[in-house]
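Every read-out reported here was derived from the displayed coordinates using simple, explicitly stated rules and does not represent laboratory data. None of the values given here were measured: they were computed from a predicted structure. No Cβ is skipped: glycine too gets one built from the backbone with ideal geometry, and neighbour counts run over all protein chains shown.
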Amino acid sequence: MRLAPLFITSWSQNPDRACLFWRGQIYNSVDLLQTLRRLMAEMSSPEFERYRVWSFWGSNHPFGLLMPIACVALGKTWAPLSPMLKREAAVACAAEMGAYLIDVDSDEKWSSLWMQPNGSVQSDDIDAIVTAILDLSVHDSETAFALCFQTSGSSGTPKQVLLPESHVLANVMAAVEEQGLTTSDRVLLLLSLSHSGGLCIQALPGLLSGALLILQSGFSVQSCIEALTSDRVELMPTTTLLVPSFLQALRLSERAKQIDWSKLRHVGIGSAPLTRHLFETFREVPIRLRNIYGLTEAGPFLASCELTEKTPALMDVMPIGYIHKRFEWKQSDSGELFVRGPAAQAIYSRRVGEAKAPELIATYDADGWVATGDAVRNLNGLLYFIHRMDETLNVGGMKVMPSRIEAVFESIPGVRGCVVKARQHAVFGSVLAALLEIDQSIIDITKIKKRHLVREAKKHLSSYETPREVEIVERVPRSTIGKKLRHHL
């Protein structure tokens, strides 16, 4: 089964169906088909046909939805770049991949290809559009690598992850099935389309299911609140995907109190552990949360579960869910989670020294197992994230999990974010330091008493887990999806 024909067939059979809302305009299936045809024709022209890899840099744009489909249809690779990169870095990254870099904000050629809403067309015209797309498509085999994501920036060692077409297709189907996406859904898309979660958990599954995508240019609390308080019933989201830090920001926002959460069928949560405290703060509102777990190398839709008041927490963290039926899983003696399945076939690409060609390294072993790097606890099939295998700190001979300590500090009113690190100490060898981002609308930073914060956290921590040092930082740096960039501090 090929990926692109699924979208083309769905759109051609439902030409008047609303598929996308962006910058005040609604686009239907025909609009997407016409734009896809124009994109593929341009990419196949003598000027551009030599490029095997295509890249995009900038804020969210409908190109980020259609270019993956165009690339797969043409046997090329789509490699979106994070908008957090500076332009010079994006240009250099694209050059290293040999990719053509699209910047619609400054490139009139490509921005002109995006069509205005056109409405309905005759069935003969639709057939002609589909025929033109299929004539341009590669039919002999699956695209070797459909997508290329830049990942692990949070660890300080970014790398490229190449996903085969079969991997992407299996993940998209799992995401549609597990989230129950249908033509009646309206998916609020806040996450960057350069991230596997935004593209493979929301965007592509939403398009394939026939849902209406509500595309936001940026990942901000303001844009989220505006979308979730829309007075147009046909544009009121039924589902979205957030991250815990974003949920925390909504909890602290006065404007967020205007949101009627009961209108959403569910809200997905991913990318970082969801603490029991943060979950419980939303119990008073009718919000249905679904935890979603995955990683770019396997998924990113690996596990999920709906969270209710009866869902038990473990070590103050809510479960990441049950592994999807498309995957097998096991644990090592150290508790690390391993998975294998059709959406666990990624390849790492990296350059060594001055080598012109990148080195390709399988993310899986000889038996197909992918090491997630996450230690989990299993309670009758319900999995709980415990810690990253490479982030455990050794302080005074004791193993410390930073995520647990950070969750405790972030449960204190006024603490917006926390990063815990080990620092060298002349007497103790190494000690824990907590770097805190403060919400100044709640805590007066000029009068803050660090020892009071430590005393409050100590109520929930053992003595060896309690930081000896506390530092107030302007902000905790985060990625486009809210993941903490620890190496930046």
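A Förster distance of 35 Å, applied to the separation of the beta-carbon atoms of Arg468 and Met84, puts the FRET efficiency at 0.60. In angstrom, the C-alpha Rg and Dmax of segment 322-480 are 20.1, 58. In summary, the convex hull built on the alpha carbon positions of segment 263-309 has an orientation-averaged projected area of 3.5 nm².
Taking a straight line from the alpha carbon of Lys399, these lysines sit under 22 Å away, with near neighbours fewer than eight places off in the same chain left out: Lys421, Lys458, Lys459, Lys484. Taking other residues whose beta carbon is less than 14 angstrom from the beta carbon of Ala375, and scoring Lys, Arg as +1 and Asp, Glu as -1, yields 0. Summarising the label geometry, the points placed 7 Å from Cα in the beta-carbon direction at Ala366 and Glu309 lie 5.4 nm from one another. Relative to the longest principal axis of the Cα atoms of the chain, helix 165-179 runs at roughly 70 degrees.
Between Glu177 and Lys257, what is the FRET efficiency for a Förster distance of 41 Å, r being their Cβ-Cβ separation, to the nearest 0.05? Calculated transfer efficiency: 0.75. Using a simple spin-label model with pseudo-atoms 7 Å out from Cα toward Cβ, Thr392 and Ala144 lie 3.9 nm apart. Rounded to the nearest 0.05, the FRET efficiency derived from the C-beta distance between Lys459 and Glu96 at R0 = 51 Å is 0.55. Here the peptides 74-83, 440-449, 465-474, 285-294 are ranked by packing, the mean other Cβ count within 10 Å, and the order with the highest first is 74-83, 285-294, 465-474, 440-449.
The slack in the chain from Lys449 to Arg350, taken as 0.36 nm per residue of separation less the alpha-carbon distance, amounts to 31.0 nm.
Under a point spin-label approximation (7 Å from Cα along Cα-to-Cβ), what is the Ser106-Leu379 distance to one decimal in nm? Using points 7 Å along Cα→Cβ, the separation is 5.2 nm.
Taking 0.36 nm per residue of separation and subtracting the Cα-Cα distance, full extension of the segment from Gln25 to Lys330 would add 105.1 nm.
Note on Glu284 and Asp135: the extension gain reaches 48.2 nm, defined as 0.36 nm multiplied by sequence separation minus the Cα-Cα distance.
Of the two radii for segment 391-488, the radius of gyration is 0.95 times the Kirkwood radius, both from the alpha carbons; that is the Rg over Rh value.
Taking the average, over residues, of other Cβ atoms within 10 Å as the packing measure, peptides 241-249, 7-15, 378-386 rank 241-249, 7-15, 378-386 from highest down. Size of segment 249-330: Rg and Dmax of its alpha carbons, in Å, are 13.9, 44.
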